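No value in this document is a laboratory result; all are computed from the given coordinates. As the structure is a computational prediction, the values presented were derived from the model and not from experiment. A quick note on method: Cβ atoms are made from the backbone with ideal geometry, for glycine too, and the neighbour counts reach across all protein chains shown.
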Amino acid sequence: MNPSVAVVILNYNGRHYLEQFLPSVLASTYPALKVVVADNASTDDSLAFLQQSFPGVEALTHDTNEGFAGGYNWALRLVKADYYVLLNSDVCVTPGWIEPVIGVMESGAKIAACQPKLLSYKEPGMFEYAGAAGGWIDSLGYPFSRGRIFDVCEPDEQQYNDTIPIFWASGAAMFIRAELYHAMGGLDASFFAHQEEIDLCWRLQLAGYKIMSCPASVVYHVGAGTLPRGGRKVFLNFRNNLLMLHKNLPWNEKLWKLPLRLVLDGISAIKGLLQGDVDFFTAIFKAHFAVHGLWLKRGGIRRSEQRRPLRGLDGVYGGTIVWQYFVKRKTRFRDIIQKKVL
């Protein structure tokens, strides 16, 4: 018997994406599948459109927009299945995209989450920013992917087609065991959006589970569909990354890594200011003030119960991609990941 799979699409004012991409999800060939659209307090006509055009699709409605993290926590409490698929509304899937991933996850009880290969919808021959062929992290907590270093995405030349353990699976198309999602407390709602899936995967690894990449499954992601690039996005990325490090690193690593990260973030902000990007500069310093406020507030950050050094976890690069990218000018994953794997 096939395990049950629930594809849950969190929608916020994404009527045009539902119209464009929901048919591809409904064309999935996996037999034990249900598709759920969880509406996160949309103000457009998403729900009316869904009811009229796709009456067979289960719809959940929320009266508050709690972001990606809080929205999924709310929705998944109402969905019963063996596996959840957290799928962005701006993702186009292929008919057989579910079967390879479930095959990987069923191969071992310790496999908690898995992602397909993410390619760009606009440029199908290129990896997509949100996760490419699987997420990694460096020694200072900077996330990157097999196929994407900072803002540079590689062409897909089948160079990352192996199924391997990774550090984090993209929230744009994340498969996860339902029981583990709830056992881990779900996504951290304080993140609102951005890097909450990295935090969840980190906590899963600390609890002894594995995260996998399954490039035999391919999906196409538009990117920046619900939160366009800009000051708010920069703020959340920098704030949440620091929160994630504070939550999951042991104290002896936090003691020097967090101050160093604050300095490096400051350099990045000043560089943006010198290039005329005032919003980028402002967003980073707002992020730092927000983090300091949460650090000073007792209970402001939900810490991981089990914390240990990054060393020994899957998908960790022992150097720093800041040095490799900005100083050594390396922009491809395979040129960076050679020997320094923790």
> Rounded to the nearest 0.05, what FRET efficiency do Phe150 and Arg308 have when you use their Cβ-Cβ distance and R0 = 30 Å?
Replying inline: 0.65
> Of Leu243, Ala112, Thr29, which is farthest on the positive side of the dipole of the chain, counting Cα position, with +1 on Lys and Arg Cβ, -1 on Asp and Glu Cβ, and the Cα centre as origin?
Replying inline: Leu243
> For the Cα atoms of the chain, what angle does the longest principal axis make with the long axis of helix 231-248, in degrees from 0 to 90, nearest 10?
Replying inline: 80 degrees
>> Over the Cα atoms, compute the radius of gyration (one decimal) and Dmax (the largest Cα-Cα distance, rounded to a whole number) for segment 231-336, in Å.
In response: 15.1, 43
> Can you list the residues of segment 21-36 with backbone N under 20 Å from a point 7 Å past the Cα of Ala59, pointing along Cα to Cβ?
Replying inline: 21-27, 34-36
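Just order 82-91, 250-259 by mean Cβ neighbour count inside 10 Å, highest at the front, would you? Before the final figure, lay out the partial values.
Details: 82-91: 24.1, 250-259: 12.8.
Averaged packing, sorted descending, gives the order 82-91, 250-259.
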> How much FRET efficiency would the formula 1/(1 + (r/R0)^6) give for Ile267 and Arg232, where r is the Cβ-Cβ distance and R0 is 30 Å, rounded to 0.05?
Replying inline: 0.85
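Here are some pairs, Lys254/Lys328; Lys34/Lys247; Lys122/Lys233; which of them have Cα atoms lying more than 31 Å apart in this structure? Spell out each step's value before the answer.
On the way: Lys254/Lys328 26 Å; Lys34/Lys247 34 Å; Lys122/Lys233 21 Å.
Correct reply: Lys34/Lys247.
Where the only charges are on Cβ atoms (+1 Lys, Arg; -1 Asp, Glu), what is the dipole of the chain about its Cα centre, to the nearest 20 debye? Could you put the intermediate results ahead of the total?
Values: 36 positive and 31 negative charges, 325 e Å.
Rounded to the nearest 20 debye, it is 1560 debye.
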>> If you average the alpha carbon positions of segment 114-152 and of segment 228-298, how far apart do those two centres end up, in angstrom?
In response: 21 Å
>> Please list, ordered by chain and number, the residues whose modelled amide H lies under 5 Å from the amide H of Ile111; skip anything fewer than 5 residues away on the same chain.
In response: Lys210
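Quick one: of the DSSP bridges fully inside the chain, what percent are antiparallel, nearest 5?
Working: 23 of 52 bridges.
Bridges in the chain that DSSP calls antiparallel: roughly 45 percent.
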>> For the pair Met126/Lys286, report the inter-label distance in nm, with labels modelled 7 Å from Cα in the Cβ direction.
In response: 2.8 nm
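Only sites in a loop by DSSP and with at most 11 other Cβ atoms within 10 Å count here; which trypsin sites (Lys or Arg not before Pro) in segment 112-196 make the cut? All intermediate terms of the calculation are to be shown ahead of the outcome.
Numbers: sites: Lys117, Lys122, Arg146, Arg148, Arg177; in loops: Lys122, Arg146.
Sparse-neighbourhood loop trypsin sites (Lys or Arg not before Pro): Lys122.
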>> Output needed: percent of Cα pairs per 10 Å distance bin for segment 5-119, bins running from 0 to the one holding the longest distance.
In response: 13, 46, 33, 7, 0
